[in-house]
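One structure is given below, encoded as structure tokens.
Quick note: the coordinates plus some simple rules give every number you see, no bench work behind them. Source: prediction; values computed, not measured. Counting neighbours? That spans all protein chains shown, and the Cβs are built from the backbone with ideal geometry, glycine included.
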Amino acid sequence: MLNRAAKQANSRQVQSNQRHLHPNLYKIVDRHLNTHYRATVAGHNLRAYDRLQEQAQRDGRPLILDSFCGTGRSTQLLATRFPEHLVVGIDRSAHRLSKHGTLQRDNYLLLRAECEPVWQLLAENHIRLAHHYLLYPNPWPKSRHLQRRIHGHANFPQLLALGGNLELRSNWQIYVEEFGAAMHHAGQRGIVARLGEIEQPMTLFEKKYRESGHPIWTYRCQIAP
Ligand SMILES: C[S@@+](CC[C@H](N)C(=O)[O-])C[C@H]1O[C@@H](n2cnc3c(N)ncnc32)[C@H](O)[C@@H]1O
């Protein structure tokens, strides 16, 4: 039986034609691990990276990336949780970012950009992260969209190069298991788990999923150099 909050929130579970890890997962990950990929970076992504790099250099604190940050609620929470770090939230949606309002602290910033080219530029410039949060990326649930998922993307090796304590969250178990399997295949050992009771949701999607009674899955790993 769903409780009242769950009935009201009523967010749909991810629907997919995939029941298990994608059969081509390792083939795709291998191809990306063995190819030097460099995409041309669009102007707005380059400008976002320049802002990040300038602020990081001026600030000097270790860097936390909040990729796919949406409205930046998690970015602000992380900035409060880690006052000795600079937290950078990235999202491609100007609309979502505009909902954030005024920045509440001096140790975070929000950038409108695609995450993948920013990872590429950070990796090329040998910038390393203390933490990397990937909270509720778009699941791309259709099987044929594997290469749009983070672990199926050509920029996956660059994400690995950024290092740090990585945490991925999703309400789609297969996404998290697949991500964990891709990380393992790339030589990184982490843990897939179901999150228990969430007292303070880190993001608006997390709040919505929690109120809808969805299980939340997480993958955590300290990326080895
Ligand atoms: C499901 S929402 C989750 C947002 C936020 N993390 C949350 O939990 O509330 C996914 C977000 O990823 C952003 N997004 C999708 N693909 C992106 C990309 N390649 N680069 C940057 N942002 C992207 C979307 O604009 C959207 O805000």
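What to note about this one:
- Net charge of neighbours whose Cβ lies under 14 Å from the Cβ of residue 22, counting Lys and Arg as +1 and Asp and Glu as -1: +4
- Centroid-to-centroid separation of segment 158-177 and segment 40-82 [C-alpha atoms, Å]: 18
- The Cα-based radius of gyration of the chain, divided by its Kirkwood radius, gives an Rg/Rh of 0.95.
- The loop-placed GluC sites (Glu not before Pro) in segment 54-119, going by DSSP, that have at most 14 neighbouring Cβ atoms within 10 Å of their Cβ come out as 84.
- DSSP-assigned coil residues among GluC sites (Glu not before Pro) in segment 167-225, each with at most 16 further Cβ atoms within 10 Å: 197, 199
- Largest-first ellipsoid semi-axes for segment 93-225, taking √(5λ) over the Cα gyration tensor eigenvalues, angstrom: 22, 21, 15
- Other-chain or far-sequence residues with amide H under 5 Å of residue 108's (modelled H): 87
- Each helix, a run of at least 4 DSSP H residues, gives -39500 (n - 2.57); summed and divided by the residues of the chain, these come to -10500 deg cm²/dmol at 222 nm.
- Efficiency of FRET between residue 207 and residue 106 - r from beta-carbon atoms, R0 25 angstrom, step 0.05: 0.45
- Chain lengthening between residue 53 and residue 195 when straightened (0.36 nm per residue, less Cα-Cα): 47.8 nm
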